[in-house]
Amino acid sequence: MNDRGSMPVGAPSGATARLAGDPAGLAEAARLLRAGRLVAFPTETVYGLGADATNPAAVTGIFDAKERPRFNPLISHLPDATAARREGALDRVAERLAEAFWPGPLTLVVPATPGTRVCDLARAGLPSLALRVPASPLAHEFLAEVGRPVAAPSANRSGRVSPTRPEHVLADLDGRIAALLDGGATPVGVESTVVACLGGRPRLLRPGGITREALAEVLGQEVWSAEADDSARPIGPGLLASHYAPRARVRLDARSIEAGDAALLFGPDSPGGLPKAAASFNLSERGDLAEAAAALFSGLRRLDASGAAVIAVTPIPTTGLGEAINDRLRRAAAPR
Ligand code: TXA
Ligand code: MG
């Protein structure tokens, strides 16, 4: 460590530098990223594993570090809407959503512009691309300093629980990436909402930090789910069923806890059998969905660390942020 609280520049290859979220740390993170290295950085949703989206060799590194299939397209992160419009063509619906929710946890899938610098690999060869302008001030400064689109999936090994704290990133990726920009815990806790605006009605490809209700209010119409329309399925190629998976098996809608299970709870009520649980974690005792979203991935990791074979999850409402929480939990429970 040097006097800035950061690892020394030129740390031996294989070591992951932990950079403080100060001007020196930001400058070093941006320098590494522009040099084609991988840098994990905080957004308001989860930590992203960033690479220069214009550099195919750098983007290849993301897939290798995560052990992620290469047909899965990545989100390009930009510091503001002006920078985003250089890469993708926003129609009227996309512009309204961008105006209402950027910067913030909304990703727009739009046609790529002819002049886009985002490489084919980051887009998985698609004619569209996913654009996001994060609200985290540290992410904003980092992206502005990089000055290029930054491709970033969540900074976890493929299929595992997404990282909401710097130590989660290191647990999965230490030694596999050049640096981690430390921004503490991420406040939203579930990934961005992904909406496709490719002509016709907008489609919800992934529920996330912006609720379906908030989208409908801005657009004056319901947003269709990709699942509700099979023809939309191929446009969300990254939506694998099993995902966000802890080591333990996940049992949903548990009304009671079996002895030895770990219990993931929501709200003030205690389910039957709780005293015999191996461990328990309440996402929000007062039943607040924003608090629960922020705690979800930490809670799953914590209960997994208890060594229990099963994580039993009590029912969580499906409205508002509950849609994204239940989506992540269903994937965590899906057959592997
Ligand atoms: O909050 C977030 O969105 C985080 C932070 C780091 O920004 N990122 C994130 O990235 O969750 P990732 O790679 O885990 O999820 C990206 C999603 C995938 O479901 C992918 O299939 C979809 O966006 N996606 C990306 N490009 C697409 C495209 N051209 N068409 C359809 N879906 C696309
Ligand atoms: Mg992910």
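The values are calculated or read from the model by the stated rules, or taken from the named source; none is laboratory data. If you're wondering where the values come from, they're calculated on a predicted model, not measured in any experiment. A quick note on method: Cβ atoms are made from the backbone with ideal geometry, for glycine too, and the neighbour counts reach across all protein chains shown. What goes into the accessible areas is simple: the full protein's heavy atoms, side chains included, and nothing from ligands, DNA or RNA. Shrake-Rupley method; radii C 1.70, N 1.55, O 1.52, S 1.80 Å.
Odds and ends about this structure:
- Relative contact order computed over the chain (Cα-Cα under 8 Å; 6+ residues apart), in percent: 19 percent
- Take each peptide in 298-309, 245-256, 70-81, count the other Cβ atoms within 10 Å of every residue, and average; sorted highest first, the result is 70-81, 298-309, 245-256.
- The length gained on full extension between Arg302 and Ala89, counted as 0.36 nm times the residue separation minus their Cα-Cα distance, comes to 72.5 nm.
- With an a/c value of 1.5 or above and a/b not larger than b/c for the gyration tensor axes a ≥ b ≥ c computed over the alpha-carbon atoms, the stretch 42-150 is described as oblate.
- Between Ala100 and Ala57, the C-beta separation translates, for a Förster distance of 35 Å, into a calculated FRET efficiency of about 0.45.
- Ranked packing of 91-99, 159-167, 30-38, most packed first, by mean Cβ within 10 Å: 159-167, 30-38, 91-99
- Spin-label proximity, Arg255 to the stretch 310-324 - amide N less than 19 Å from point 7 Å beyond Cα toward beta carbon: 312-318
- Alpha-carbon centroid distance for the pair the stretch 281-331 / the stretch 106-126, whole angstrom: 32 Å
- Charge tally in the Cβ shell below 10 Å around Pro105, where Lys, Arg are +1 and Asp, Glu are -1, Pro105 excluded: -1
- For the chain, with all protein chains in place and a probe radius of 1.4 Å, 52% of the accessible heavy-atom surface sits on carbon or sulfur.
- Accessible area expressed per residue, the chain, with surrounding protein chains retained (probe 1.4 Å, Å²): 40 Å²
- Shape call, the chain: gyration tensor on alpha carbons, a/c limit 1.5: oblate
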